[in-house]
1. Look through the range 50-68, keep the residues that are without any contact (Cβ under 8 Å) to a residue 24 or more places away in the chain and assigned to a helix (DSSP H, G or I), and return whichever of them is surrounded by the fewest Cβ atoms within 10 Å (Cβ to Cβ).
2. Identify all residues within the range 83-118 that are out of contact with any strand residue (DSSP E or B) (no Cβ under 7 Å at 6 or more places or on another chain), open to solvent by 10 Å² or more (accessible area, probe 1.4 Å) and not basic (Lys, Arg); write none if there are none.
3. Return the only residue of 26, 47 being outside any loop (DSSP other than H, G, I, E, B) and modelled with pLDDT under 80.
Amino acid sequence: MSWLLHERPLCLGGRRALPRARRRRGASFYGTWLVSDAEESPHLSLGKVEGELYIACAEYDELAPPPMVDELRILFQRAGSPGEIELYPGVHHGFAFPERWCYDKPAAERHWERLIALYRRHLG
């Protein structure tokens, strides 16, 4: 089984994880610009994904604003993509990094719980 996990301080990983998750499982935490007009916009790959996806977004995120997350959720459902998009209320982009000003311990713990649950479902 192949896994794609992108959670980097620069948060560009979500844009890379979705297009590459066709037969893999993937997780994106506060990925940036997941819906755009670009020819290679990550949302364009949703209908091709067979593996489970987990996409976590922060409520306050200029790089993944709520209207974009809403649009992504609609496109995700329309494509029949397996998995979930979760909006973490009251937190900012980068909330899971203890070194950042916006660190939110309860949200960070939930983020790890969700990722570990994804692993357990597929790795046993």
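The values are calculated or read from the model by the stated rules, or taken from the named source; none is laboratory data. Keep in mind that this is a model prediction, so the values were computed, not measured. When we count neighbours, we look across all protein chains shown, and the Cβ atoms used for this are built from the backbone with ideal geometry, even at glycine. Ligands, DNA and RNA are stripped out before the accessible areas are found, and what is left, the full protein with its side chains, is counted by its heavy atoms. Shrake-Rupley method; radii C 1.70, N 1.55, O 1.52, S 1.80 Å.
1. Step one: filter the range 50-68 for residues without any contact (Cβ under 8 Å) to a residue 24 or more places away in the chain, giving 65-67.
This time we only want the ones that are assigned to a helix (DSSP H, G or I), so: 66-67.
On the way: 66: 13, 67: 9.
Filtering first and then ranking leaves 67.
2. If the condition is that a residue be out of contact with any strand residue (DSSP E or B) (no Cβ under 7 Å at 6 or more places or on another chain), open to solvent by 10 Å² or more (accessible area, probe 1.4 Å) and not basic (Lys, Arg), then 97, 98, 99, 101, 103, 106, 109, 112, 113, 116, 117 are the ones that fit.
3. Numbers: 47 fails: modelled with pLDDT under 80.
None of the other options fit; the residue is 26.
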